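*Asks:* Input: one structure, supplied below.
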Amino acid sequence: MEYCRRCGGPLDTVQILAKPRGRCSRCGHVEYRDLAVAAATVTEVAAGQVVLARRAIRPGYGLWVIPGGFVEAGETVATAAIRETAEEVGIRVRLVRLVGVYSYPRSRVAVVVYHAIPEGPDAPAPQDGESFEARGFHQGEVPWDDLAFDSTRDALRDFFAPVSPD
């Protein structure tokens, strides 16, 4: 970012709390690079089968992901996960449990992933032009080497991990 979002003045780089920050030379506003929040689902459509979509956009063009996207202002993370799943793979879902929250030092996105199950008989199909294909995979069929994002890989590993008795 080169200009202040408040007044449009030019940003200078200053060290604040040992990190470089953009500070407006006109009004003094400090720009922080906050995380964006995304919501996604590991949607289980058949006994042990989960839905993946093959991306038709960048980043991750041609690679597989779990359905998900950014949380919009005015909606909850859970509502965003349900909406994104319907928009991307055409399945109306009910959330079962939280799978995990995934963030990485080189990424500006924190991804909240839920386990979901369909509310109806809908079959996965690409819906919004963001995907070429959507279908179910058993654990042994997941294209682990062709997953677009670390969060997809980590969420699927967590989902398929055996549950230890308490």
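*Asks:* Going through segment 89-117 one residue at a time, which ones are within 12 Å of the chain's Cα centre (by Cα), surrounded by 14 or more Cβ atoms within 10 Å (Cβ to Cβ) and at pLDDT 95 or above?
*Replies:* Gly100, Tyr102, Ser103, Val109, Ala110, Val111, Val112, Val113, Tyr114
*Asks:* Another question, if that's okay. Just to be sure, is Arg54 buried (at least 16 other Cβ atoms within 10 Å of the Cβ) and over 11 Å from Ala116 (Cβ atoms)?
*Replies:* Taking the combined requirement at face value, the residue satisfies it.
*Asks:* Still on this structure: How many residues does segment 16-56 hold that are of a type in the set (Gly, Ala, Ser), outside any loop (DSSP other than H, G, I, E, B) and under 19 Å from the mean Cα position of the chain (by Cα)?
*Replies:* First pass over segment 16-56, keeping only residues of a type in the set (Gly, Ala, Ser): 18, 22, 25, 28, 36, 38-40, 46-48, 53, 56.
Applying the additional criterion that residues be outside any loop (DSSP other than H, G, I, E, B) yields 22, 36, 38-40, 46, 53.
Next, only the ones that are under 19 Å from the mean Cα position of the chain (by Cα) stay: 36, 38-40, 53.
Qualifying residue count for the region: 5.
*Asks:* Can you tell me which condition Arg108 does not meet? The list is (1) in contact (Cβ under 8 Å) with a residue 60 or more places away in the chain; (2) of a type in the set (D, E, K, R); (3) within 18 Å of Gly129 (Cβ to Cβ), and all the others hold.
*Replies:* Going through (1) in contact (Cβ under 8 Å) with a residue 60 or more places away in the chain; (2) of a type in the set (D, E, K, R); (3) within 18 Å of Gly129 (Cβ to Cβ) one by one, Arg108 breaks only (3).
*Asks:* Just to be sure I understand, how many residues within segment 118-134 are modelled with pLDDT of 95 or more and either in contact with a Cys (Cβ under 8 Å, 6 or more places away or on another chain) or within 22 Å of Leu63 (Cβ to Cβ) (or both)?
*Replies:* Number satisfying all stated conditions: 2.
*Asks:* Among (1) over 12 Å from Trp64 (Cβ atoms); (2) under 20 Å from the mean Cα position of the chain (by Cα), there is one condition Phe137 misses while meeting the rest; what is its number?
*Replies:* The single condition Phe137 does not satisfy is (1).
*Asks:* Among (1) closer than 14 Å to Val109 by Cβ; (2) more than 12 Å from the chain's Cα centre (by Cα); (3) not charged (D, E, K, R), there is one condition Gly74 misses while meeting the rest; what is its number?
*Replies:* Unmet condition: (1).
*Asks:* Continuing with the same structure: Taking the conditions exactly as written (in contact with a helix residue (DSSP H, G or I) (Cβ under 6 Å, 6 or more places away or on another chain) and either in a loop (DSSP other than H, G, I, E, B) or among the hydroxyl-bearing types (Ser, Thr, Tyr) (or both)), does Thr13 satisfy them or not? Spell out the reasoning first.
*Replies:* Details: in contact with a helix residue (DSSP H, G or I) (Cβ under 6 Å, 6 or more places away or on another chain): no; either in a loop (DSSP other than H, G, I, E, B) or among the hydroxyl-bearing types (Ser, Thr, Tyr) (or both): yes.
No: the conditions fail for Thr13.
The values are calculated or read from the model by the stated rules, or taken from the named source; none is laboratory data. Bear in mind that the values here come from a model prediction, so they are computed numbers and not experimental data. No Cβ is skipped: glycine too gets one built from the backbone with ideal geometry, and neighbour counts run over all protein chains shown.
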